[in-house]
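Q: Let me give you the structure first, and then I'll get to my questions.
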Amino acid sequence: MSLVPSTGIDSTLMSEVDMGGASDSSTTMVRATVVQASTVFYDTPATIDKAERLIAEAAGYGSQLVVFPEAFIGGYPRGSTFGVIIGSRSEKGKEEFRKYHASAIDVPGSEVDRLAAMAGKYRVFLVMGVIERSGYTLYCTVLFFDPQGRYLGKHRKLMPTALERIIWGFGDGSTIPVYETPIGKIGALICWENRMPLLRTALYGKGIEIYCAPTADAREVWQASMTHIAVEGGCFVLSANQFCRRRDYPPAPDYVFGVSDHELSPDSVVCSGGSVIISPSGTILAGPNHDGEGLISADLDLGEIVRAKFDFDVVGHYSRPDVLSLVVKDHPLNPVSFESSMETLKFS
């Protein structure tokens, strides 16, 4: 784990934030922290308490941006099958989904208000992975907050992977934002979305500079993907993953890790993290951390973006719109629409 010692960056400079102002990429230095920690599974209030402790610690190091893992609030249900086989779902699995649904949060809602207040209290930009509850459907979502304590918006995972599709809904093009802030243009994709070239290109087209990648993938090959994205996009990549042991989940029979649960001890590592910060040149600035829970931090010189773009600008001088182009449908997709007529019906 790499933790950059404080160099006296004054986080109070963020107290007056103009969200419409462009960043000066030639001069800006940004201290960023990636959190590697586990959810308190099935206990959302305790998880948010834990998040505040970690945000406070990061702010103590002068961090201006704090990024949390995928599904940190609500939990990533690693190893669970929710009782699903082709053609049927078990009653136990349905009850498991009920408990998981109860651990999710509404957006907007009281938990979002608290996260916004925490971002304001500690004067940080906050990127938080959550499980979002919208009626009876769940979404794997990233929420964005600014140092003024404002909720900026969200990104819903566009394409859940494999069995995730059973428990999470699909996002649409209306929630793939990139926010222009005084510390750079910030956006996020979640886990294997980052392997979707066209979705990455949508973020590049919006000028992303600080590319956040909350994930649940701790494999070595993930590091190659993160390095490639940093070089391809000419951006800083901040990947946050949970570090979890079996004991971080409820014990059996309340929670079972598939068919292998009996082989796991409470200390067995079920996700080894690998959180990392990478520069636009592909240089690893901090991490990857496979040692345990912790914070990794780095100072980001946004001038690195300009230097990298001189070599390769994927949606600029290295594009060929006469041959290749991308159309992004960025409107919301609603399953039910209501049209009300104001005309008065006349009967003869």
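The values are calculated or read from the model by the stated rules, or taken from the named source; none is laboratory data. All values reported here derive from a predicted model rather than from experimental measurement. When we count neighbours, we look across all protein chains shown, and the Cβ atoms used for this are built from the backbone with ideal geometry, even at glycine. Note: accessible area is taken over every heavy atom of the protein model, side chains too, but ligands, DNA and RNA are not part of it. Shrake-Rupley method; radii C 1.70, N 1.55, O 1.52, S 1.80 Å.
Q: Looking at the stretch 232-263 only, could you name the residues that are of a type in the set (A, V, I, L, M, F, W, C), within 22 Å of Ile73 (Cα to Cα) and in contact (Cβ under 8 Å) with a residue 60 or more places away in the chain?
A: Hits for the stretch 232-263 are Leu238, Ala240, Phe243, Cys244, Val256, Phe257.
Q: Given the options Ala218, Ala230, name the one that is in contact with a strand residue (DSSP E or B) (Cβ under 7 Å, 6 or more places away or on another chain), under 15 Å from Ser38 (Cα atoms) and of a type in the set (A, V, I, L, M, F, W, C).
A: Ala218
Q: Pick from the stretch 52-67 the residues that are in contact with a helix residue (DSSP H, G or I) (Cβ under 7 Å, 6 or more places away or on another chain) and not acidic (Asp, Glu): which of them is nearest to Gly187 (Cα to Cα)?
A: It comes out as Val66.
Q: Let me ask something else. State which residue pairs qualify: first residue open to solvent by less than 30 Å² (accessible area, probe 1.4 Å) and inside the stretch 152-178, second residue in a helix (DSSP H, G or I) and of a type in the set (S, T, N, Q) in any location, beta carbons under 6 Å apart, and separation of 6 or more residues or different chains.
A: His155/Thr175
Q: Would a scan of the stretch 104-118 turn up a residue that is free of Cβ contacts under 8 Å to residues at least 60 places away in the same chain, open to solvent by 50 Å² or more (accessible area, probe 1.4 Å) and among the small types (Gly, Ala, Ser)?
A: yes
Q: While we're looking at this one, here's another question. Mind telling me which of the residues Ile85, Ile105 ends up being at pLDDT below 95 and at negative phi?
A: Ile85
Q: Right, something else. Could you tell me how many of the residues in the stretch 290-342 are of a type outside the set (Val, Ile, Thr) and in a loop (DSSP other than H, G, I, E, B)?
A: So the answer is 30.
Q: I've got another one for you. Could you list all residues from the stretch 26-81 that are part of a loop (DSSP other than H, G, I, E, B), open to solvent by 10 Å² or more (accessible area, probe 1.4 Å) and of a type outside the set (S, T, N, Q)?
A: Val40, Phe41, Tyr42, Asp43, Tyr61, Tyr76, Pro77, Arg78, Gly79, listed by residue number.
Q: Yes or no: the stretch 130-142 includes at least one residue that is touching a strand residue (DSSP E or B) at 6+ places or on another chain (Cβ under 6 Å) and among the charged types (D, E, K, R).
A: yes
Q: Filtering the stretch 303-339 down to residues that are of a type in the set (A, V, I, L, M, F, W, C) and within 11 Å of Gly233 (Cα to Cα), which residue is farthest from the chain's Cα centre (by Cα)?
A: Phe312
Q: Take the stretch 264-283 and flag every residue that is in contact (Cβ under 8 Å) with a residue 40 or more places away in the chain, of a type in the set (S, T, N, Q) and open to solvent by 10 Å² or more (accessible area, probe 1.4 Å).
A: Ser272, Ser281
Q: Filter the stretch 258-279 down to residues that are more than 9 Å from Cys244 (Cα to Cα), out of contact with any Lys or Arg (no Cβ under 7 Å at 6 or more places or on another chain) and not β-branched (Val, Ile, Thr), then give me how many there are.
A: Looking only at that region, the number is 8.
Q: Need at least 2 residues that are within 21 Å of Ala59 (Cα to Cα), in contact with a Ser or Thr (Cβ under 8 Å, 6 or more places away or on another chain) and small (Gly, Ala, Ser) per element, so show me which strands (runs of 3 or more DSSP E) inside the stretch 134-244 make the cut, counting only ones lying wholly within it.
A: Once the strands (runs of 3 or more DSSP E) in the stretch 134-244 are filtered for at least 2 residues that are within 21 Å of Ala59 (Cα to Cα), in contact with a Ser or Thr (Cβ under 8 Å, 6 or more places away or on another chain) and small (Gly, Ala, Ser), what remains is 236-240.
Q: Still on this model: Would you be able to say whether some residue in the stretch 302-320 is in contact (Cβ under 8 Å) with a residue 12 or more places away in the chain and in contact with a strand residue (DSSP E or B) (Cβ under 6 Å, 6 or more places away or on another chain)?
A: yes
Q: Another question about this same structure. Does the stretch 184-203 hold any residues that are touching a residue at least 40 places away in the same chain (Cβ under 8 Å) and either surrounded by 23 or more Cβ atoms within 10 Å (Cβ to Cβ) or within 17 Å of Cys140 (Cβ to Cβ) (or both), and which are they?
A: If the condition is that a residue be touching a residue at least 40 places away in the same chain (Cβ under 8 Å) and either surrounded by 23 or more Cβ atoms within 10 Å (Cβ to Cβ) or within 17 Å of Cys140 (Cβ to Cβ) (or both), then Gly184, Ile186, Ala188, Ile190, Cys191, Leu199 are the ones that fit.
Q: Quick one: would you say Arg123 is touching a Pro at 6+ places or on another chain (Cβ under 6 Å), open to solvent by 40 Å² or more (accessible area, probe 1.4 Å) and more than 18 Å from Glu70 (Cα to Cα)?
A: Against the criterion (touching a Pro at 6+ places or on another chain (Cβ under 6 Å), open to solvent by 40 Å² or more (accessible area, probe 1.4 Å) and more than 18 Å from Glu70 (Cα to Cα)), Arg123 qualifies.
Q: Please state which of the following conditions Ala213 fails to meet, knowing it meets all the rest: (1) in contact with an Asp or Glu (Cβ under 8 Å, 6 or more places away or on another chain); (2) open to solvent by less than 30 Å² (accessible area, probe 1.4 Å).
A: Answer for Ala213: the failing condition is (1).
Q: Go through (1) open to solvent by 10 Å² or more (accessible area, probe 1.4 Å); (2) within 24 Å of Ala162 (Cβ to Cβ); (3) of a type in the set (Val, Ile, Thr); (4) in contact (Cβ under 8 Å) with a residue 60 or more places away in the chain one by one and return the number of the condition Val221 breaks.
A: Result: Val221 fails condition (4) only.
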